[in-house]
Each structure stands twice: as structure tokens, then as C-alpha cells.
Amino acid sequence: MAEKRGYGQFCPIALAAEVLAERWTPLVIRELLCGSVRFNDIQRGVPRMSSALLARRLKDLHFAGIVERRRGEKGALEYHLTPAGRELFPAVEMMGLWAQRWLRHNLLDPANLDPDLLMWDIRRRVASQAGSFARRYVTQFQLSGTPISRRRYWLVFEGGQVDLCHKDPGFEVDLYAETSLRCLTEVWLGHLSIDAALREDKLRLDGSRRDHALFRSWFVLSSFAPAGRAPTGQAEQTPPSPQSASLC
């Protein structure tokens, strides 16, 4: 006999869990809350999720009234959160804050470190600083502790936008940043300050003094970094962000 889906309970938590607790679903919602609307951009935030499963989860969320499909300016299909979906912001954010408080030791487990996701998250956060550069500006990241094919990344600031490149874009590099995947993840999550990483020679910057200073201004940390700087068990003191804030 086929297993019946659902918990068979009138409890609101049970019904919400039937919709939201499917594998990968909270991460798909996270991507939508981070502002990704196109399928390929959503998948860049869940690189270990198959395209077929992502398509299925988006379909399920559409059926549940959490996501609506629209046509973009050039006719491309886009996925946008409905009011019901946007209302999930505090719940998803509190999951992240809770993990920073109680599961921090697991966040940096080698099995959880992913250079593609890390650099995509960094690119999303630094995009707000792209307009600060009057000319093309390029930073190359070299990460140790990763496969050769995922060792170098380039952030290219130009025209008020920032692109993440996995292959050498062929432009002159203004600043080189060399570190390990683990260290950059620690910095991004707020577990290790940029100053401490530089002082301990875990992060090395090669560029002019001005470029070193610029790095500190445009390298925006995760929105969960304030909780990551708090002592373990005290991250609840970090107030939740307003719904209009970025989740990533």
C-alpha cells in the first residue's frame, strides 16, 4: 500500500510542515527571499540540487500559493513570491539565526563547505556596492582546500553591476585575495573578522594600500554575520531584520 502523504493532523504546524518541510524546499524559499527570480539563478544558490527536483519544488510551491510565475521583460519565465511567500521571511531568518546560535560548530564541517555557493552568496551581497566603482574593477579569489576546477573566482565590478566569473575574464586584476575555503566561509559568516584573518595570515591581499582599504568597504558579510560574532548561545540578542532586508 502506498504511503499516504501528510500527517493527518489538524495542527497548523503539521499542515505548514507538509508544505515547507520537504527536502530542499526551505532553501528554494531562501533563494527567492534573496531576490533570485530566474531558474538558473535559483539553482546557483542550490548547486547540489538537480534541475528536475528544483522544477518540481517550484511547481509544488506554485500549487501551494507561495510562488507565482511571471514573464520577464524578455519573455523569460520568472518565479516571484506571493504575499504568503514573503510572509515566510521571519521564519526562514530565525532558522538561520538559530543555527548560528546552536549549530555553529556544524556550519564549517568540511561536508558543508561549497565554494560555488559561497562565492555566489558573496556576489549577491557585494552587488549593492557595485555602483561605488567609476571604472571596471576586478578581484581574483584563490581558494585552497578545493578541487582545482573550483579554486579561482573573479568578481568583476562594471557599469553598476558585479559579475561572478568561474573562468578568467581576461581583464587586469586590481586585487588578489588568497585564502582557504574554510577561512573565507568563517569570515563570511562572521566567525572570524577580516582583521584577525589578515593578522593570522589566513587571508592575504595583494594590491595597493587603497585596494586593501576598498576591500573592507565593499566586501559585505552575510546578514547572519552579526549573530556569528556573538558568543555561542547568545545569538538570540541579534534582532530579526525587517522583512524588506536581504536574507543573504
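If only one of Gln43, Gln100 is surrounded by 15 or more Cβ atoms within 10 Å (Cβ to Cβ), under 15 Å from the mean Cα position of the chain (by Cα), in the same structural domain as Ala16 (by TED's automatic domain parsing) and not in a loop (DSSP other than H, G, I, E, B), which one is it?
Just one listed residue meets the conditions, Gln43.
Pick from Arg5, Arg56, Arg38, Arg71: which is of a type in the set (Lys, Arg) and within 28 Å of Ser223 (Cα to Cα)?
Unique residue meeting the criteria: Arg38.
Name the pairs: first residue in the range 165-184 and touching a residue at least 24 places away in the same chain (Cβ under 8 Å), second residue of a type in the set (Lys, Arg) and loosely packed, with under 15 Cβ neighbours inside 10 Å, Cβ to Cβ under 6 Å, at least 6 apart or on different chains?
Hits for this filter: Glu178/Arg204.
Just the residues that are exposed (fewer than 13 other Cβ atoms within 10 Å of the Cβ) and either touching a residue at least 12 places away in the same chain (Cβ under 8 Å) or in contact with a helix residue (DSSP H, G or I) (Cβ under 7 Å, 6 or more places away or on another chain) (or both), please, taken from the range 46-55.
Pro47, Arg48, Ser51, Ala55
Hey, does the range 61-71 have a residue that's small (Gly, Ala, Ser) and not in a loop (DSSP other than H, G, I, E, B)?
no
For residues in the range 175-194 being in contact with a Gly (Cβ under 7 Å, 6 or more places away or on another chain) and not basic (Lys, Arg), which is nearest to Cys248 (Cα to Cα)?
Restricting to residues being in contact with a Gly (Cβ under 7 Å, 6 or more places away or on another chain) and not basic (Lys, Arg), the top hit is Leu189.
From the list Leu15, Leu58, Leu27, exactly one residue is in a helix (DSSP H, G or I), under 20 Å from Arg123 (Cα atoms) and free of Cβ contacts under 8 Å to residues at least 40 places away in the same chain. Which is it?
Being in a helix (DSSP H, G or I), under 20 Å from Arg123 (Cα atoms) and free of Cβ contacts under 8 Å to residues at least 40 places away in the same chain holds for just one of Leu15, Leu58, Leu27, which is Leu27.
Please give the number of the condition Gln140 fails out of (1) touching a Phe, Trp or Tyr at 6+ places or on another chain (Cβ under 9 Å); (2) under 28 Å from Val28 (Cα atoms); (3) without any contact (Cβ under 8 Å) to a residue 60 or more places away in the chain.
Here Gln140 clears every test but (2).
Quick check on the range 147-199: of everything there that is among the polar types (S, T, N, Q) and surrounded by fewer than 19 Cβ atoms within 10 Å (Cβ to Cβ), which residue is farthest from Ser128 (Cα to Cα)?
Top of the filtered list is Ser149.
The values are calculated or read from the model by the stated rules, or taken from the named source; none is laboratory data. Treat the numbers as computed from the prediction; the structure is a model and nothing was measured. With ideal geometry, Cβ positions are generated from the backbone for all residues, glycine too; neighbour counts draw on all protein chains shown.
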